[in-house]
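One structure below.
The values are calculated or read from the model by the stated rules, or taken from the named source; none is laboratory data. Note that this is a predicted model, so its numbers are computed, not measured. Here the Cβ positions follow ideal geometry from the backbone for every residue, glycine too, while neighbour counts run over all protein chains shown. Side chains included, ligands, DNA and RNA excluded: accessible areas come from the protein's heavy atoms. Shrake-Rupley method; radii C 1.70, N 1.55, O 1.52, S 1.80 Å.
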Amino acid sequence: MPTILGLSGSLRKASFNAGLLRAARDVAPDGTSIEIGEIHDVPLYDADDEKANGLPEAVKRLQSRLDAADALLMVSPEYNKSIPGVFKNTIDWMSRGDGLKYFTGKPVMLIGASPSGFGTILGQNAWLPVLRTLRTRLWTGGQLMVSGAGDKFDEDGNLTDGETRDQLRKLIAEFVKTL
Ligand code: FNR
């Protein structure tokens, strides 16, 4: 049974991206478990802090969940046509210590949602050098960039759009076939 660690790159309570991740968990094929990781407790990366105290507990937890998972699902907002700092900060921390070994060869699915008309296309592209540097295996068999998110999620950030849910279901099923 494949286990996928899912991370949303937004701290917002009614986040579209966190909602998209929950929807992914709900539509995953039978026998596949998408386990949602927590990035709220990850502090800002500080090399002095790392030298003095090692990796924060929140980072160690994420690393061990990544290690145990068969794949990583990243659901990323787009900020200023690029990666949100909060999410990059988490991934940067996770790459420290023995982190690279957990990312190396790990299948990664990358999706995102935005209220704009382009649905995180540039944000997703901005992740490419990071995922390459971490030696991940980015899945390129399909893409999901949810645009106009304001009309596709409710006020709590739950996905309400059936077409997007169907696309998500198909995409995850295709990804899972490769695991
Ligand atoms: C944004 N937003 C945004 N959206 C987009 O499509 N392209 C962009 O370049 C940006 N830039 C941007 C910068 C900053 C600093 C903020 C705070 C926001 C809007 C963004 O997509 C929107 O806030 C989403 O709601 C963020 O995702 P969550 O939090 O709903 O998951």
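One line per residue, one yes/no per condition, for (1) under 15 Å from the mean Cα position of the chain (by Cα); (2) open to solvent by 30 Å² or more (accessible area, probe 1.4 Å); (3) in contact (Cβ under 8 Å) with a residue 12 or more places away in the chain:
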| site | (1), (2), (3) |
| --- | --- |
| L66 | yes, no, yes |
| A69 | yes, no, yes |
| L73 | yes, no, yes |
| E78 | yes, yes, yes |
| G85 | yes, yes, no |
| P107 | yes, no, yes |
| G112 | yes, no, yes |
| P115 | no, yes, yes |
| F118 | no, yes, yes |
Checklist outcome for this item: Here, helices (runs of 4 or more DSSP H) confined to segment 31-139 with at least 2 residues that are within 16 Å of the ligand (Cβ to nearest atom), at pLDDT 95 or above and in contact with an Asp or Glu (Cβ under 8 Å, 6 or more places away or on another chain) are 121-133
Checklist outcome for this item: Counting only residues in segment 13-30 that are of a type in the set (K, R) and surrounded by 13 or more Cβ atoms within 10 Å (Cβ to Cβ), the one nearest to the ligand (Cβ to nearest atom) is identified as R22
Next on the checklist: Just to check your reading of the model, which residue among K60, K51 is surrounded by 13 or more Cβ atoms within 10 Å (Cβ to Cβ) and farther than 25 Å from F153 by Cα?
Outcome noted: K60
Next on the checklist: Every residue in segment 120-170 that is free of Cβ contacts under 8 Å to residues at least 12 places away in the same chain, open to solvent by 50 Å² or more (accessible area, probe 1.4 Å), closer than 25 Å to K13 by Cβ and of a type outside the set (D, E), please.
Outcome noted: T160
